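For reference, the structure is listed below as structure tokens.
Derivation of every value follows stated rules applied to the coordinates shown; laboratory data play no part. Predicted model, so just to flag it, every value in this text is computed and none were measured. Reconstructed Cβ throughout: ideal geometry from the backbone, glycine too, with neighbour counts over all protein chains shown.
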Amino acid sequence: MDLAAARIAVETLRKRCIAHGERLDACNVFAEHDDVEKAVTDTARLRAHCDVGLTGCGDLTALARLAEMGETCILLRADGFVDFVLGARAYLAGADETPLVWRQGPPLPLIARSLDLGRSILARREQAQVRETHAEAMDDDCAGIRRIASSAPDPAIDPEPRTEPGVTGLSLVVIPSLKHLPLPSKHSRDRGDSPRALCEDLSEKALALTPAPDPAAFSARLLADYPWAAEVIEAYAQDLVGAPFARFRPRTLVSGAGGGKTSFARSLLRAAGLPEVLYSAAGVMDGGNFAGASRTWSTWRLSVPGQGVLRFGQASLGVIIDEAEKAGPSRRWGRLDETLLPFLERGTTARAIFDPALEVPLDLSGISYILTANEGRGMSGPLLDRAPPVEWPMPRRQDMPIVAAAILDELRRERGLDEVWCPPLDRDELDALTAWRGGSMRPLRRMVEAVVSSRETFARRQPN
């Protein structure tokens, strides 16, 4: 069905439910009649389902109606609606006036976003109440000590992205004040060899968050290069529906060797406009250094995501953990699969990741993580729980022309060749590659390299 026609059909069904409910209310029947009561309940439920479907496709008006319905349920002392209503009202208060776009497919991102936002607001209120109670207790013990409230936001309790003066779009303060660190000398500032000298320019500064691209255009761009991975691409595209900025849920791409997982992860981040950090986990025996090293050591360093923020100067980027199952199992210097856990909890701990070099919590909730693995057996259960495995399909035989063209583009970049000197593969050259039956792309790469080498050999045999 055409999407516009589908929207009209759902809205028409909702209006019919309203009219039918009014007719049932107007009927002069006994309230205890079971059939009438069931009809009223089912009609109201169907009307709510219509609003849920509209909300799942980005209709903010339907989200407002669901919030109003949730408020009614709260007044009737029904459980389970406070998080959603609070988050939905907060989301609607910050929503812009852009025209609504009908988008296809589950899940329901606006409802999920409202729930996450509501839980975050309630958690911050609870933390603030705990701190206030603790402060009051300290006042009772130390009556002569006067508390002075700070106007600076605490990143641990005020993590929501916001628009800052001088910054286009949403922004996030990743690095808080560093005034607790020793003031660096001019020599240290010039060399950047102290944590404060290195990061002071970004301290308390609102860093831009990459706007979310249109999910349909995002999917179309990736499908053109990876037509065999439609389901995986759709899963990532759903993360962008209704998202305030470009960010993806953590996932682990699992497949055999040579399937192009890392190449897809990099293309995915580029299609979303996110800078990329590639971290190879194969053979890593000091996984704890992913979270950074303390400044008590001369080899202090920021965490890998923190270095990415420092390098690109923005709050949102992508980190690819390649070959995640091949990291070392020893806990002597920290296991990587255990070090990663708090970074993947973007709704809670990722908002206040303690950096050992800066000795402050960093808000790294704007960072996306993509893990790759050949198998899930070498990965811990808690890690797979936070970054669930997704089967990455291997390219098929019919995808050979697209894969070969991508390999040829990569060879051009590696050898510094222009397309004029290294033209696309012609029909005869593609016929020579038909021995590839799909699966790992490495044999096909060797075949394309042989074709390019044969071109050079043939060219040398031609007369000048």
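Which order do the peptides 390-399, 421-430, 344-353 come out in when sorted by mean C-beta neighbours inside 10 angstrom, highest first? Don't jump to the answer; show the numbers that get you there.
Numbers: 390-399: 16.0, 421-430: 12.7, 344-353: 18.4.
Averaged packing, sorted descending, gives the order 344-353, 390-399, 421-430.
Measuring from label point to label point, each 7 Å out along Cα→Cβ, what is the Val82 to Cys27 span in nm?
3.8
For an R0 of 51 angstrom, estimate the FRET efficiency from the Cβ-Cβ distance between Asp431 and Ser188 and round to the nearest 0.05. Mind showing how you got there, number by number?
Working: r = 63 Å, r/R0 = 1.24.
The calculated FRET efficiency here is 0.20.
In the range 347-406, how does Rg compare with the Kirkwood Rh, expressed as the Rg/Rh ratio over alpha carbon atoms?
Numbers: Rg = 18.0 Å, Rh = 15.2 Å.
Ratio of gyration radius to Kirkwood radius: 1.18.
Subtracting the Cα-Cα distance from 0.36 nm times the residue separation, let me have the gained length for Arg413 to Ala9 in nm, one decimal. The partial results should precede the final answer.
On the way: separation 404, 0.36 × 404 = 145.44 nm, distance 5.03 nm.
That pair, Arg413 and Ala9, stretches by 140.4 nm at full extension.
Set the Förster radius R0 to 60 Å, insert the Cβ-Cβ distance between Ala19 and Arg397 as r into 1/(1 + (r/R0)^6), and round the FRET efficiency to 0.05. Write down the numbers at each step before the final one.
Values: r = 55 Å, r/R0 = 0.92.
Efficiency at R0 = 60 Å is approximately 0.60.
Provide the net charge surrounding Glu276, with neighbours chosen by a C-beta distance below 10 Å and charges set as Lys +1, Arg +1, Asp -1, Glu -1.
On the way: positive: Arg266, Arg270; negative: none.
Every neighbour counted, the sum reads +2.
With θ set to phi - 60° and the Karplus curve 6.51 cos²θ - 1.76 cosθ + 1.60, what are the ³J(HN,Hα) couplings of the range 190-199 in order, to the nearest whole Hz, using x for Gly and Pro?
These are the phi-based 3J(HN,Hα) values: 5, 8, x, 9, 9, x, 5, 5, 6, 10 Hz.
Pull out the extension gain between Leu223 and Ser440, defined as 0.36 nm times the separation in residues minus the alpha carbon to alpha carbon distance; nm, one decimal. All intermediate terms of the calculation are to be shown ahead of the outcome.
Working: separation 217, 0.36 × 217 = 78.12 nm, distance 1.87 nm.
Extra length available between Leu223 and Ser440 comes to 76.2 nm.
Beyond 20 Å, what share of the Cα-Cα pairs of the range 315-422 is found? Please give it as a whole percent. Mind showing how you got there, number by number?
Numbers: 3392 of 5778 pairs.
I get 59 percent for the Cα pairs in the range 315-422 exceeding 20 Å.
Please work out how much length the chain gains when fully extended from Arg270 to Ala93, using 0.36 nm per residue of separation minus the C-alpha to C-alpha distance, in nm with one decimal.
Stretched out fully, the Arg270 to Ala93 stretch lengthens by 60.6 nm.
Per-residue counts of other Cβ atoms within 10 Å, averaged by peptide: what ranking do you get for 312-320, 434-442, highest first? Please report the intermediate quantities before stating the final value.
On the way: 312-320: 22.3, 434-442: 14.9.
Those peptides, ordered most packed to least, come out 312-320, 434-442.
Students often check this: by mean Cβ neighbours within 10 Å, which of 7-17, 287-297 ranks highest, and how do the rest follow? Spell out each step's value before the answer.
Details: 7-17: 15.0, 287-297: 17.4.
Going from most to least packed, we get 287-297, 7-17.
Specify the inter-centroid distance of the range 315-389 and the range 264-309, based on alpha-carbon positions, in whole Å.
Result: 10 Å between the Cα centres.
For Lys15, what is the net charge nearby, where nearby means another residue's Cβ is under 15 Å from its Cβ and Lys, Arg count +1, Asp, Glu -1?
Net charge in that neighbourhood comes out at +2.
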